[in-house]
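Novice: Would you mind keeping the following structure in view while I ask a few things?
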Amino acid sequence: MSHPSAADAVVPHHTANKHAQLNPDVLALIFGFNADPVLDSNALHNLQMYAQVCRAWRYVLLDAQHLWGQVIDLDIFNWQKSQDWSDEVVRRAGLTSSLWIRGTLMERNSVAWVRGADGVTRMEKTPSFVPNFLPSLLDTHWSRAEKFSVNFELQSMDAQLWRDFYLPAPRLRMFSLAGGVHEISTDFSSPLFASTAPCLTSFHPRKLS
């Protein structure tokens with residue numbers, strides 16, 4: 001059995017005439033308008049929903065790695081119980097697309113009622129994975145970061161997270177850092193971005209206190 005390709009992408013009948021066809025490039029452009037986190041805070045959710053409409057739309061979206069790269073949204077990941085979805089978004093962004101990273105890095109617990117082996121249901125708290133997810137993401141993909149706008153709400157921040165800010169940032173165009181951190185274990189002795197951020201046009205290092 002043959003499978004539909006991106007060229008077969010059809011607009012579902014509830015949104016347009018069921019016989020209407022759109023060029024995959026046009027579809028990708030439309031998806032792009034609705035996946036811009038600057039214009040729509042639900043950008044990641046939009047992509048997720050579009051990818052479930054039909055197989056043809058899904059193929060178009062999975063081929064548009066740059067769209068997934070621009071929706072690395074910590075505000076969404078903060079409410080996930082596991083790291084599976086955040087890892088999947090990064091995987092869909094591929095290995096070369098630029099990354100837009102935004103949101104709040106916070107320390108919070110996920111709370112759930114869990115039935116134990118003794119049959120008793122108890123409330124369990126699970127620490128958020130995001131404080132570990134972001135440093136790991138930057139360790140691997142900092143050179144791909146194009147936009148970085150993160151608000152910190154942490155008790156402490158260790159050198160692991162700051163280490164990447166001292167590396168060259170060849171694609172970085174926008175950098176915004178803000179929030180409250182009680183303790184930062186770094187000496188700030190090295191120049192940010194190793195003095196190499198040729199594309200940087202917006203820089204907002206707001207007070208961390």
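The values are calculated or read from the model by the stated rules, or taken from the named source; none is laboratory data. For clarity, every value in this text was computed on a predicted model and none was experimentally measured. Here Cβ is always computed from backbone atoms with ideal geometry, including for glycine, and neighbour counts include all displayed protein chains.
Novice: Provide a single number: the residues in the stretch 189-203 that are under 12 Å from ARG171 (Cα atoms) and part of a loop (DSSP other than H, G, I, E, B).
Specialist: Final tally of qualifying residues: 6.
Novice: Inside the stretch 24-40, can you point out the residues that are within 18 Å of ARG102 (Cα to Cα) and free of Cβ contacts under 8 Å to residues at least 12 places away in the same chain?
Specialist: Across the stretch 24-40, the qualifying residues are PHE33, VAL38, LEU39, ASP40.
Novice: Another question, if that's okay. Quick one: in the stretch 143-165, of everything that is surrounded by 18 or more Cβ atoms within 10 Å (Cβ to Cβ), in contact with a Leu (Cβ under 9 Å, 6 or more places away or on another chain) and outside any strand (DSSP E or B), which residue is modelled with the lowest pLDDT?
Specialist: Checking each candidate, the answer is LEU161.
Novice: Same structure again: What are the residues in the stretch 55-78 that are surrounded by fewer than 16 Cβ atoms within 10 Å (Cβ to Cβ) and more than 27 Å from SER143 (Cα to Cα), if any?
Specialist: ARG55
Novice: When you go through (1) surrounded by 14 or more Cβ atoms within 10 Å (Cβ to Cβ); (2) modelled with pLDDT of 90 or more one by one for CYS199, which number turns out not to apply?
Specialist: It is condition (1) that CYS199 fails.
Novice: Among GLN48, GLN65, GLN52, GLN21, which is more than 21 Å from ARG102 (Cα to Cα) and modelled with pLDDT of 75 or more?
Specialist: Selected residue: GLN52, the only one of GLN48, GLN65, GLN52, GLN21 that is more than 21 Å from ARG102 (Cα to Cα) and modelled with pLDDT of 75 or more.
Novice: Same structure, new question: Given the conditions (1) assigned to a loop (DSSP other than H, G, I, E, B); (2) farther than 17 Å from SER176 by Cα; (3) at pLDDT below 80, report the number of the one that ASP118 does not fulfil.
Specialist: Single failed check for ASP118: (3).
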